[in-house]
Amino acid sequence: MRIFQELWWFFKQEKRSYIMGILMLLVLAVLELFPPYVVRLVVDVIEGGKVTTDFLLKWLSLLAVAGVSMYVLRYAWRILLFGASRRLERQIRGELFAHFSRMSPGFFNRRRTGDLMAHATNDVRAVELTAGEGVLTLVDSLVLGGLVVLTMGVFISWKLTLIALLPMPFMALAVSHFGRLIHERFLKAQAAFSDINDKVQENISGVRVVKAFGLEEREKEAFRKISQDAVDKNIAVARIDALFDPTISLIIGFSYFLTVAFGAVFVANGEISIGQLTQFTIYLGQLIWPMLAFGFLTNIIQRGRASYDRIRTLFQEQPEIVDKEGAVKEPASGDLCIDLSGFTYPGAEQTALGRIEVRVPSGATLGVVGKTGSGKTTLFRLLLREFEAEKKAISIGGVPVEDYTLSALRRGIGYVPQDHFLFSATIRENIAFGKPDASVEEVEQAARLAGIHEDILQFESGYDTVVGERGVTLSGGQKQRISIARALLLDPEILILDDSLSAVDAKTEEMILESLREERRGKTTLIAAHRLSGIEHADEIIVLEEGQLIERGTHQELLAKDGWYAWMHHRQQLESLIEKGGGVDGDAAATPVSPASS
């Protein structure tokens, strides 16, 4: 019964519904004792040859009133109890979603998506059943069962009642044993369901890759094995679950046998009447449901406890990054200063970033370049506080980023990540995601700045075109530009473009960057790029290699240093000329030698 103690907070929250519902169940339990009593009276009157029309009409009328009353009460308690349990389902699911939204990226690195989905669906449903059907079966098994046994013992025959209840201890032992087995096996079944969720989510998201490599059959076979494992574990639960009804029915059947055998002797000895024996056997039949309910209760409780334990484990995990007391609530703005001595991802051994010291005046543009894996995205993630850097290592407007609330920090920053996520909604809704109340003109202006407006107009439904999940109906360049438009609509003080123009051609890139220079005068822009043409106009450019800052300066200064930046610039110029079908002579035609290899 521990699960009911753990859910006591909700029962207090919904005390009106539960008190009224349980009171109705109590009244129902009393009313259900009435029909067998009427049967007893009628049987005894018929046996004595004293039956009359008035007698039958009187008791039949009372039976009809009792029947209508039970109908109304059964409807009402369902609304009260099951309605409350549905509200618990809604509340826990909402709290889970809010909890997921608060968690830091490290949490999602540890947890699989399919597992989180299983917690928010199957586990929440199991807890909801405990708060609804669990309470019902608890009340019915204790109250109705107790009233039936009490009535049989006090008003009919205590000796016959004791005889009929002789098999019941065996049922208690069996139910306890089955309940323990169900708890163990249900935990495994829920974990298997999480594996299925994760596999389905992974394959649907990566369906293009699967098809491109022609691995459909291999993935189907892998899913078949996971699915079969889940089936086997659920069947293991079902095997134990299936034992409840036959075990209880067998025990009740043996009680019937004892009742009829000894009851006949008691009737013959004149200890009870035939009407009382008839009433007793009807009560014994009514005892079947409380006994079954007791079995169901054990099943529901064990499932609910296993699921609630899994959910509580999630709630016990707290975000690594939280707002400090008295944090600044105004959107971040001002000069950006980075004075980082180093950073290592939690649980990692290799340093992701080394010593980096940069100052970006408000309104300036900073270019960040380097090889793949050099630390560009890591630097931006520290700025956004997706991971925590050392205290006061990064500040905006003279305020360390950890002294801002997360909401204020991120309201002041527009971030366009490498992974361009679009929702399965209209293009207009995707662009206006951060500002749902944006006007049509504002959305279209942001799209023009991002160079996607003309493309959108080519679609049959224009801005009302619904993109597929994760934007699968759009090209990579279109997704990138819609993501840029989404950030530009917010008009943030600091705009971060994390290699956000890699999928567009050089001409479109130049047009977008020119628009940004015009529209974002006086506002800070950070651009990470592999194509150096995207950051040539920056006020300062830094070059990262394996997390270390190896070069810094303007475009011309870095070319003059003849280091990695100059080598990459000459190489990209040569590649551009080759793509255009042109040629060069002299030193420019020579294959550039990487500084790392010289």
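The values are calculated or read from the model by the stated rules, or taken from the named source; none is laboratory data. Computed from a prediction, not measured in an experiment: that's the story for all the values here. All Cβ positions, glycine included, derive from the backbone under ideal geometry; neighbour counts span all protein chains shown.
Which residue is surrounded by the most Cβ atoms within 10 Å (Cβ to Cβ), if the candidates are limited to the stretch 1-27 and must be among the aliphatic types (A, V, I, L, M), touching a residue at least 60 places away in the same chain (Cβ under 8 Å) and closer than 18 Å to Ile79 by Cβ?
Residues of the stretch 1-27 that are among the aliphatic types (A, V, I, L, M), as a first pass: 1, 3, 7, 19-20, 22-27.
So of that shortlist, the ones also touching a residue at least 60 places away in the same chain (Cβ under 8 Å) come out as 1, 3, 7, 20, 22, 25-26.
Subset that is closer than 18 Å to Ile79 by Cβ: 20, 22, 25-26.
Numbers: Met20: 16, Ile22: 18, Leu25: 21, Leu26: 16.
Among those that are among the aliphatic types (A, V, I, L, M), touching a residue at least 60 places away in the same chain (Cβ under 8 Å) and closer than 18 Å to Ile79 by Cβ, it is Leu25.
Yes or no, residue by residue, for (1) at pLDDT 90 or above; (2) touching a Phe, Trp or Tyr at 6+ places or on another chain (Cβ under 6 Å); (3) closer than 17 Å to Leu544 by Cα; (4) of a type in the set (D, E, K, R):
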{"site": "Asp335", "(1), (2), (3), (4)": "yes, no, no, yes"}
{"site": "Glu349", "(1), (2), (3), (4)": "no, no, no, yes"}
{"site": "Leu353", "(1), (2), (3), (4)": "yes, yes, yes, no"}
{"site": "Glu357", "(1), (2), (3), (4)": "yes, no, yes, yes"}
{"site": "Lys371", "(1), (2), (3), (4)": "no, no, yes, yes"}
{"site": "Lys391", "(1), (2), (3), (4)": "no, no, no, yes"}
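On the basis of being over 25 Å from Ala29 (Cβ atoms) and assigned by TED's automatic domain parsing to the domain that holds Leu28, does Tyr283 make the cut? No: the conditions fail for Tyr283.
Listed here are the residues, each with its yes/no results for (1) of a type outside the set (D, E, K, R); (2) closer than 24 Å to Ile301 by Cα.
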site	(1), (2)
Glu128	no, yes
Leu136	yes, yes
Asp140	no, yes
Met171	yes, yes
Ala174	yes, yes
Ser194	yes, yes
Lys199	no, no
Asn203	yes, no
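The residues in the stretch 408-429 that are in a loop (DSSP other than H, G, I, E, B) and more than 23 Å from Thr525 (Cβ to Cβ) can be counted, and the count is 3. So, of the residues in the stretch 32-65 that are in a loop (DSSP other than H, G, I, E, B) and among the aliphatic types (A, V, I, L, M), which turns out to be farthest from Ser273 (Cα to Cα)? Taking the candidates together, the pick is Leu33. Among the residues in the stretch 55-72, are any surrounded by 16 or more Cβ atoms within 10 Å (Cβ to Cβ) and within 50 Å of the chain's Cα centre (by Cα)? Within the stretch 55-72, one or more residues are surrounded by 16 or more Cβ atoms within 10 Å (Cβ to Cβ) and within 50 Å of the chain's Cα centre (by Cα). Please work out which residue is farthest from the chain's Cα centre (by Cα), limiting yourself to the stretch 194-214 and to residues that are farther than 20 Å from Asn109 by Cα and surrounded by 13 or more Cβ atoms within 10 Å (Cβ to Cβ). Filtering the stretch 194-214 for residues that are farther than 20 Å from Asn109 by Cα and surrounded by 13 or more Cβ atoms within 10 Å (Cβ to Cβ), the one farthest from the chain's Cα centre (by Cα) comes out as Val210. Condition check for Asp232 on (1) under 30 Å from the mean Cα position of the chain (by Cα); (2) surrounded by 18 or more Cβ atoms within 10 Å (Cβ to Cβ); (3) modelled with pLDDT of 85 or more: one failure, at (2).
The listed residues are Ser362, Ser395, and the only one of them that is in the same structural domain as Ala566 (by TED's automatic domain parsing), crowded, with 17+ Cβ neighbours inside 10 Å and not acidic (Asp, Glu) turns out to be Ser395.
Counting the residues of the stretch 156-191 that are outside any helix (DSSP H, G or I) and either under 22 Å from Ala293 (Cβ atoms) or within 28 Å of the chain's Cα centre (by Cα) (or both) gives 3. Identification of strands (runs of 3 or more DSSP E) wholly contained in the stretch 342-406 with 1 or more residues that are free of Cβ contacts under 8 Å to residues at least 40 places away in the same chain and closer than 24 Å to Ala327 by Cα yields 356-360.
If you go through the stretch 461-484 one residue at a time, do you hit one that is part of a helix (DSSP H, G or I), of a type outside the set (Val, Ile, Thr) and closer than 25 Å to Gly397 by Cα? No, because not a single residue in the stretch 461-484 is part of a helix (DSSP H, G or I), of a type outside the set (Val, Ile, Thr) and closer than 25 Å to Gly397 by Cα.
State whether the residues of the stretch 347-354 include one that is of a type in the set (Gly, Ala, Ser) and not assigned by TED's automatic domain parsing to the domain that holds Ala566. No - not one qualifying residue is present in the stretch 347-354.
For the stretch 237-252, residues that are among the charged types (D, E, K, R) and modelled with pLDDT of 80 or more total 2.
Restricted to the stretch 453-489, and to residues there that are modelled with pLDDT under 85 and of a type in the set (Ser, Thr, Tyr), the residue that is surrounded by the fewest Cβ atoms within 10 Å (Cβ to Cβ) is Ser475.
Please find, among Asp245, Asp309, the residue that is surrounded by 15 or more Cβ atoms within 10 Å (Cβ to Cβ) and assigned by TED's automatic domain parsing to the domain that holds Arg93. The match here is Asp309. Contact map, the stretch 550-573: first residue assigned by TED's automatic domain parsing to the domain that holds Glu357, second residue among the β-branched types (Val, Ile, Thr) and surrounded by fewer than 18 Cβ atoms within 10 Å (Cβ to Cβ), Cβ cut-off under 7 Å, separation 6 or more or different chains; pairs are Trp564/Ile550. Meeting the requirement of 2 or more residues that are farther than 25 Å from Ala191 by Cβ, the helices (runs of 4 or more DSSP H) wholly within the stretch 66-147 are 135-139.
The residue that is farthest from the chain's Cα centre (by Cα), among those in the stretch 417-442 that are surrounded by fewer than 23 Cβ atoms within 10 Å (Cβ to Cβ) and among the β-branched types (Val, Ile, Thr), is Val440.
Tally the residues that are among the charged types (D, E, K, R) and either in a helix (DSSP H, G or I) or touching a strand residue (DSSP E or B) at 6+ places or on another chain (Cβ under 9 Å) (or both), restricting the search to the stretch 243-287. Quick ask: steps written out before the conclusion?
Just the residues of the stretch 243-287 that are among the charged types (D, E, K, R), to begin with: 245, 271.
Now drop any that are not either in a helix (DSSP H, G or I) or touching a strand residue (DSSP E or B) at 6+ places or on another chain (Cβ under 9 Å) (or both), which leaves 245.
Residues that pass the stated criteria total 1.
Counting only residues that are of a type in the set (Gly, Ala, Ser) and closer than 11 Å to Ile496 by Cβ, the stretch 413-424 holds 1 of them.
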